[in-house]
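A.B. asks: My questions will all concern the structure given below.
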């Protein structure tokens, strides 16, 4: 079911949100966050996917992205690959919540007409077209301040799984181009 937030211009920059079904906190573990990071790095290197800002929270991911190809295809590929890899990892690595998580993903997969077994991500991408520099800046700030609002860190750049580190010229898990925007750490 679509919510009206669709990618119309396939080559334009968008603010996107991917959420885990039933808000399962899968990304509380490093191993699952690294799957998303590895996928983003692959897409950037091999699929003309451009990532300008991101944050991986416990049960959702925010990003600003654009593609030289079809952005919708990139998003589909990201969700498909990470879904398969997350399920494989849950099944093969130690996971105290294994049965609980797999049951939720399986129940959601059974409700979906497009999945055969498991569904990790919701179908929505909450795609919002970025139309001005001020709007882009507000979305970058929103993304970077997500861990601060959640009480995880005091400063955005202290959260490792966020492009706030790139914007603060710190080591980050993904090498992305930073948009030329004023940077301020909020206290």
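A.B. asks: Eigenvalues of the Cα gyration tensor times 5, then square-rooted: what semi-axes does that give for segment 24-125, in whole angstrom, largest first? Working shown, then result.
C.D. replies: Values: eigenvalues 112, 51, 26 Å².
Each semi-axis is the square root of five times an eigenvalue, giving 24, 16, 11 Å.
A.B. asks: Any chance you could run the full-extension gain for residue 70 through residue 47? It's 0.36 nm times the residue separation minus the Cα-Cα distance, nm to one decimal. Mind showing how you got there, number by number?
C.D. replies: On the way: separation 23, 0.36 × 23 = 8.28 nm, distance 0.99 nm.
Additional length available on full extension: 7.3 nm.
A.B. asks: Give me 120, 128 ranked fewest to most by other Cβ atoms within 10 Å of their Cβ, as a rough exposure proxy.
C.D. replies: Numbers: 120 25, 128 16.
Listing 120, 128 from fewest to most nearby Cβ atoms yields 128, 120.
A.B. asks: While we're on this one: Counting only C-alpha contacts under 8 Å and six or more residues apart, can you give the relative contact order of segment 14-167 as a whole percent? The partial results should precede the final answer.
C.D. replies: Values: 211 pairs, mean separation 46.6, N = 154.
Once divided by the residue count of segment 14-167, the mean separation gives 30 percent.
A.B. asks: Computed FRET efficiency, Cβ-Cβ of residue 117 and residue 154, R0 30 Å: what is it to the nearest 0.05?
C.D. replies: Values: r = 41 Å, r/R0 = 1.37.
Once the sixth-power term is evaluated, E becomes 0.15.
A.B. asks: Just round it to a whole percent: the fraction of Cα-Cα distances in segment 67-187 exceeding 20 Å. Don't skip to the end; give the middle numbers.
C.D. replies: Values: 4400 of 7260 pairs.
The calculated P(r) of segment 67-187 puts 61 percent of pairs beyond 20 Å.
A.B. asks: Follow-up question, since we're still on this one. What distance in nm separates the two pseudo spin-label positions at residue 98 and residue 124, each 7 Å out from Cα along the beta-carbon direction?
C.D. replies: About 3.3 nm, to one decimal.
A.B. asks: Which order do the peptides 29-40, 88-99 take when ranked by the mean count of other beta-carbon atoms within 10 Å per residue, highest first?
C.D. replies: Working: 29-40: 18.1, 88-99: 12.2.
My ranking of the peptides, most packed first, is 29-40, 88-99.
A.B. asks: For the Cα atoms of the chain, what angle does the longest principal axis make with the long axis of helix 30-46, in degrees from 0 to 90, nearest 10?
C.D. replies: It works out to around 60 degrees.
A.B. asks: Compute the separation of the alpha-carbon centres of segment 13-37 and segment 100-170 and state it in Å as a whole number.
C.D. replies: 6 Å
A.B. asks: Calculate how steeply helix 98-111 sits against the longest principal axis of the alpha-carbon atoms of the chain, using the helix alpha-carbon long axis, and give the answer as 0 to 90 degrees to the nearest 10.
C.D. replies: Roughly 90 degrees between the two axes.
Read-outs throughout are calculated quantities, based only on the coordinates presented, and are distinct from any laboratory measurement. Treat the numbers as computed from the prediction; the structure is a model and nothing was measured. With ideal geometry, Cβ positions are generated from the backbone for all residues, glycine too; neighbour counts draw on all protein chains shown.
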